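The values are calculated or read from the model by the stated rules, or taken from the named source; none is laboratory data. Nothing here was measured: the structure is a model prediction, and the numbers come from that model. Positions of Cβ are generated from backbone atoms using ideal geometry, with glycine treated the same way; all protein chains shown enter the neighbour counts. Surface accessibility is based on the protein's heavy atoms, side chains included, excluding ligands, DNA and RNA. Shrake-Rupley method; radii C 1.70, N 1.55, O 1.52, S 1.80 Å.
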Number of protein chains: 2
Amino acid sequence: MRKYLLLTLLAAAYSAAAQGPTPLSASQGRVKLTFALNAAGHPTYAVAYGTRPVVNASRLGLALQEGGGFDGPLEVTGSDIKDVDDTWQPVWGEVKSIRNHYQQLTVHLRQPAAPGRQLDVVFRVFTDGVGFRYEFPHQPHLDYFVVTDELTEFAMPADHRAFWIPGDYDTNEYIYTRSRLSEVDNAAMVKNSTNIAVRVAPDPQAVATPLMLKADDGLYVNIHEAALVDYPAMQLHVDRASLRLKASLVPNAVGSMAFLHAPFHTPWRTIIVSDNAPDMLASKLILNLNEPSKIGETNWIKPMKFVGVWWEMQTGHSTWSYAASADTLDAQGQLIPSGRHAANTANVKRYIDFAAKNDIPGVLVEGWNTGWEDWFGYWKEYVFDFVTPYPDFDVPGLTSYAKSKGVSLIMHNETSGSATNYDQHLDSAYQFMNRYGYPAVKTGYVGRIIPRGEHHDGQWMVNHYNRVAEVAARSRVMIDMHEPVRPTGLHRTYPHWLAGEAARGNEYNAFTDQGNPPEHETILPFTRLMGGPMDYTPGIFKLKGYAVGAPERQVHTTLAKQLALYVTLYSPLQMAADLPENYEAHPDAFQFIKDVPVDWDDTRILAAEPGEYITTVRQAKGKDEWYLGSISNEKPRKQPLKLTFLTPGRRYEATIYADAKNADWQKNPEAYQITKKVVTSRSTLTLELAPGGGAAVSFKPVK
Amino acid sequence: MRKYLLLTLLAAAYSAAAQGPTPLSASQGRVKLTFALNAAGHPTYAVAYGTRPVVNASRLGLALQEGGGFDGPLEVTGSDIKDVDDTWQPVWGEVKSIRNHYQQLTVHLRQPAAPGRQLDVVFRVFTDGVGFRYEFPHQPHLDYFVVTDELTEFAMPADHRAFWIPGDYDTNEYIYTRSRLSEVDNAAMVKNSTNIAVRVAPDPQAVATPLMLKADDGLYVNIHEAALVDYPAMQLHVDRASLRLKASLVPNAVGSMAFLHAPFHTPWRTIIVSDNAPDMLASKLILNLNEPSKIGETNWIKPMKFVGVWWEMQTGHSTWSYAASADTLDAQGQLIPSGRHAANTANVKRYIDFAAKNDIPGVLVEGWNTGWEDWFGYWKEYVFDFVTPYPDFDVPGLTSYAKSKGVSLIMHNETSGSATNYDQHLDSAYQFMNRYGYPAVKTGYVGRIIPRGEHHDGQWMVNHYNRVAEVAARSRVMIDMHEPVRPTGLHRTYPHWLAGEAARGNEYNAFTDQGNPPEHETILPFTRLMGGPMDYTPGIFKLKGYAVGAPERQVHTTLAKQLALYVTLYSPLQMAADLPENYEAHPDAFQFIKDVPVDWDDTRILAAEPGEYITTVRQAKGKDEWYLGSISNEKPRKQPLKLTFLTPGRRYEATIYADAKNADWQKNPEAYQITKKVVTSRSTLTLELAPGGGAAVSFKPVK
């Protein structure tokens, strides 16, 4: 049915009379897109922002394995323009309503020589950027085909400053590098990032998207993609001389890029642009380019906070595994418990009790199921079965205990990268979750991928993640994917896909000395989070002395900044990541975590500069309460605020969780002070952020 | 539990005192095995049959990816000898009881230098050959490891005549070549076998196993393997100068051979030897080297005959697909039926009626499920879902219709080589079979394998086939695998795994002009069938003029030979492959197919010579009835027989289905004559076989 409709629409498009000579263009506000064939007959596009060039004339096209691809000259057989302006309501999000306003230019291209294969390029021009994609219409001489190269380029008009991580086929868990485009070289970073489980980055000039750029004249440009379905992730190869960024697709096990079947369209390539950094964070361009929700009834999808049996393992206090090794067996051949297994019934009850007491609806338990003794590093296929608990973890007992306390357990399905094994167990794994009432699952892909030769970010795995999302949707289980490809706005289409990792999370502060530098969280919203929410796992209160065997290890923020992250790092799924006892030591500060919502009616980016600072305020879903987070990099800052977002004429109690005067991420990270004051929309407030610091504020109407 | 027990046994083995200087040996009857370290310290073995060398001193060992493998000098730290003589009863088979009688030599080896890794080689010497395997004991310095090469050699003492097919990673569906070892070159055969769906044979000197050899002095030698589990298939590289055959493992997608985890053992390498060709066919060495049945209750496992909606598609009369192409859609986007779809309810009922009328318990239906319009050739992953019928195939109606007639439908699960897709649907596919009462499934793997880069005969797919067998066992569904790796006797361990293809079946006579040469079926029992039963699909009665668009195409046998194949090609699952109307035209000849059993109490190979002739007689399970098949290659023959297998003193009616006087596979294939006579164990009988002909005889006691 779907195929037929697409066919009809394409036929209609073709009936439009072929339009005149190139260039063709479309625009919206200050953004203008121009399409042209170059002297060689190759299709190109350019993007301008007012009078400023954003992308100079840049190549479009694709090479196919069979030859006869779209890498040679093409002719324009027609084009269509249409204007769209509509509004839609996300199931959850940063705002309650999203405007989708664009001008669309479709350019119909054909090979001048036989077999005359056809290719459409569809551009959507928004006030804050451009998205474009390739569409392969149904046609006689293009049926199944293999892409060997995507020729898309993004020709930068100047040597912008860039915030980048290496273009790695298997991980996004790097620290960001700030450099000019002409200086991009990821080799040392890749080599030295030994704490990342799997690194495959053969091109030292390749960077991952979302790539954040800043021109010397203050223009901000972000390049990424939207709606990554049945296609490999796009990385960007930086030609350091010409400053052209070329699409570099993640290859499959046989050295090609994508197996496709017409009719088909690629993901959207996105260019978000503004002369104002907060606009970048407020952009809904990527979400708008994704398809509407495929899930009919959504009342089971509920943004949520959770605690978890997790940080204690990350910091070395306990283990995921039950026995010291797979060889530690008793006379009956059973594993001998090491006594360090975290996911034991008594300990999990402690977390359940803590969650219940603090109105936190979820408790994640990692390491509950057999297989952890030798799960990592062997590229082995059968690791976990996803349904067999260790002997000390009582599934029925704990789920009913949690239920009696009004709390739900969150499932954990680590795959160790063995996606084939997870595929083989998907049905039984999700039936298990349904049987015991798990509302959500955290999946993981730590390790080299099986099918061997495939990569985390290749087409096969992209299809795998989407397949898992489909199974989870059918099972009505919300999902949080760790170590997947970075997101591209698919949470619009699959609103039960609450969050993901696909970046360097707070956990690196737990298990490495390097950790995440203070600027890290000021970059993430401009990069990784452009594609979707991240399960960063904020909320660490004990900022030093937490790591077994590494007493000097510390988190690279202050405590107040950890609170602020619940607002500045948007996610409908937020963990309170620290241990219950560390929260119990600071009940006043923990109040902010208890209060802060995970779903919003409105969001305002009050101040932002990548790598420097972010201040965001959000309105709670269905309530006149506002929550503000403000963070800095390693520098101290004053952040003056006008509270004009508050409802005029109404009085609010502002509770300000701030760095103490002498706070400092390095020397005095846990020093905070909490003050309250009554404010109105006409008030001003100046937050004092310590080095590596932050502040969080709740605004509740005075009754 | 299992791991622990193995550990204990190994510990016991090690407690035996290290034995004296090499060589070490074991023997049984005329077969003698000798182990020795050569001058370089490499382990070697040799096999003799009486005074005749079978295998000259040949290298043993394996190379590992991490280095430190077993490819350098080793030292002998001890050895064990034990004698075993026991008897077991197969769930079904050629005989009702099998003797397992061997002397076992275990040689414990160790690297002389650090880390001193240990390797055992275990030899079992039977009266008809030798099996040996590598065992990696549990040890400190060998845990997970990767095999990059197996160094096993089989040094032939002379330039034997060989019956071989190319060593292809993806298929066994070649015509056999007869040549001297020194003449092995598969390049032309691979190049010209364009009717085989997927061919990957990079080594022109590689041949597949089972490899059948005949020495000029009349010694027969067969090289294969037993119990292929979690390891790639072994092919043999022929060094044409030295006549050494070297193990050549089928690689995985990343260019290594096997991912292993100690404790582990490889499959058995098997060398069957005799100076009498019938002994080769009677050998139970490979079955004996397999593990006993893993299936507890076996009453659901029933050898069976079946007809099927199949030959009519193979010969071009109808199609698997419902529509002419995937693009043939009506205004509602639904497939427009071509009118040529075989698996429609009315046609299937016709086969059910035919089966019921002739007491044939099964009806296979291929092409019943959606996906056939573009199933092949695109290396696409999602092809079939294994549960959705075409609109004209009424699953509940047909299953209940079949049940009312005392017949069962046999499921068909073609995967097109997309094993990942089948894995993803295994649970639902087998639940579907259970819901509708399908007792058996025929699976298929026509096409390039997904995971892309893997091969039909590599470790990953070996694990896949075994995984499917496990799921089928849990679901109590019998299984018949087409296009899998060739079998290695695993039907002892999984007796519901009734049969497989993994060779060039009768179907090549349907869809190619080349077909199978008259000698083909005289070679198969000496090669492919050494590993297990084959679903060859015999029983074609209309031997010419059956193929649409190819009126001259013909099957390369006589009709009587087609009958004989039910005896000479052993299988517990036998198809009556021709169309009902062709059987109805020859009810007298069809009587043999109705009569012939598929399970036996006894089997005698009365005469055999590879490539020339085979005469086999078998006793029906639980009955004093005997069925004999006799076939020739392209030559006419007289086959004199002594009927001493019959119970002395008893009179039997022999019904002889023979070639007519003027029969000839090429000129007059359908000419047959049926005669009856009363015989006893003292009678003799001479069968006259036409060129490409055969004869079938049933012996039933005279009441």
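For the reader, a short list of remarks on this structure follows.
- With semi-axes defined as the square roots of five times the eigenvalues of the C-alpha gyration tensor, the equivalent ellipsoid of the range B:372-478 measures 26, 17, 10 Å, largest first.
- Reported value for the range B:39-108: 181 Å³ per residue, from the convex hull of its C-alpha atoms.
- Put simply, the range A:201-247 fits an ellipsoid with semi-axes of 21, 16, 8 Å; these come from the alpha carbon gyration tensor as the roots of five times its eigenvalues, largest first.
- Nitroxide proxy distance, nm - points 7 Å out along Cα→Cβ at A:Arg435 and A:Lys635: 5.8 nm
- Accessible area expressed per residue, chain A, with surrounding protein chains retained (probe 1.4 Å, Å²): 33 Å²
- Alpha-carbon Rg with Dmax, taken over chain B, Å: 25.4, 84
- Semi-axis lengths, Å, the range B:404-557, gyration tensor of Cα atoms, sqrt of 5 times eigenvalues: 28, 19, 16
- P(r) tail, the range A:570-662: Cα-Cα pairs separated by more than 20 Å, 46% of all pairs.
- Surface/4 estimate of mean projected area, convex hull on alpha-carbon atoms of the range A:48-187, nm²: 12.5 nm²
- Cα-Cα separations in the range B:302-444 greater than 23 Å, expressed as whole percent: 34 percent
- Intensity falloff of the protein assembly as shown expressed as log10 I(q)/I(0), Debye formula with alpha-carbon point scatterers, at q = 0.04, 0.05, 0.09 Å⁻¹: -0.29, -0.46, -1.24
- In plain terms, the C-alpha convex hull of the range B:608-700 casts an average shadow of 5.9 nm² when viewed from every direction.
- Ignoring aspartates and glutamates fewer than eight residues from A:Lys246 along the same chain, the ones with Cα atoms less than 13 angstrom from its Cα are A:Asp149, A:Glu150, A:Glu153, A:Asp203.
- Beta-bridge orientation, the range B:271-425: approximately 25 percent antiparallel, per DSSP, counting only bridges with both partners inside.
- Three-way shape label, the range A:540-620, alpha-carbon gyration tensor, a/c 1.5: oblate
- Local net charge near B:Ile295, Cβ-Cβ under 14 Å (Lys/Arg +1, Asp/Glu -1): +2
- Theoretical FRET efficiency, 1/(1+(r/R0)^6), r = Cβ-Cβ of A:Ala585 and A:Gln139, R0 45 Å, to 0.05: 0.10
- Cβ-Cβ distance of B:Ser27 and B:Lys621, R₀ of 35 Å, FRET efficiency by 1/(1 + (r/R0)^6): the value works out to about 0.50.
- Accessible-area composition of the range B:287-406, carbon plus sulfur, in percent [1.4 Å probe]: 54 percent
- Each copy carries a label point for B:Asp143 at 7 Å from Cα toward Cβ; from one copy, the others' points are 5.1 nm away, ordered from shortest.
- Cα gyration tensor shape for the range A:168-303, rounded if a/c is under 1.5, else prolate or oblate: oblate
- DSSP bridge pairs, the protein assembly as shown: antiparallel proportion in percent, nearest 5: 85 percent
- Computed with a 1.4 angstrom probe on protein heavy atoms, the B-A interface buries about 3000 square angstrom of accessible area in total.
- The calculated FRET efficiency for A:Arg178 paired with A:Asn276, based on their beta-carbon distance and R0 = 22 Å, is about 0.65.
- The label point for A:Glu552 and the one for B:Asn299, both projected 7 Å from the Cα toward the Cβ, are 7.4 nm apart.
- Residue of chain A nearest the A-to-B rotation axis [by Cβ], rounded angstrom distance: A:Pro451, 2
- Taking the DSSP bridge list for chain A and keeping only pairs wholly inside it, about 85 percent are antiparallel.
- Buried on assembly, the range A:411-441 (at least 30 Å² less accessible surface than by itself, 1.4 Å probe): A:Asp423, A:Gln424, A:Asp427
- Debye intensity ratio in log₁₀ form over the Cα atoms of the range A:489-563, taken at each q of 0.11, 0.19 Å⁻¹: -0.32, -0.80
- Teacher prompt: B:Gly377 distances to equivalent labels in other copies, 7 Å Cα→Cβ, nm: 4.9
- Sorted from closest to farthest, the other copies place their B:Lys191 label points 4.7 nm away, with each point set 7 Å from Cα along Cα→Cβ.
- Over all other residues within a Cβ to Cβ distance under 15 Å of A:Ile286, the charged ones net out to +3, with Lys and Arg as +1 and Asp and Glu as -1.
- Taking each of A:Lys32/A:Lys621; A:Lys284/A:Lys676; A:Lys82/A:Lys214; B:Lys305/B:Lys676; B:Lys380/B:Lys542; B:Lys82/B:Lys623 in turn, the alpha-carbon distance tops 27 angstrom for A:Lys32/A:Lys621; A:Lys284/A:Lys676; A:Lys82/A:Lys214; B:Lys380/B:Lys542; B:Lys82/B:Lys623.
- Model label zone, A:Ser428; criterion: amide N under 19 Å from point 7 Å along Cα-to-beta-carbon; scope the range B:428-472: B:428-435, B:463-472
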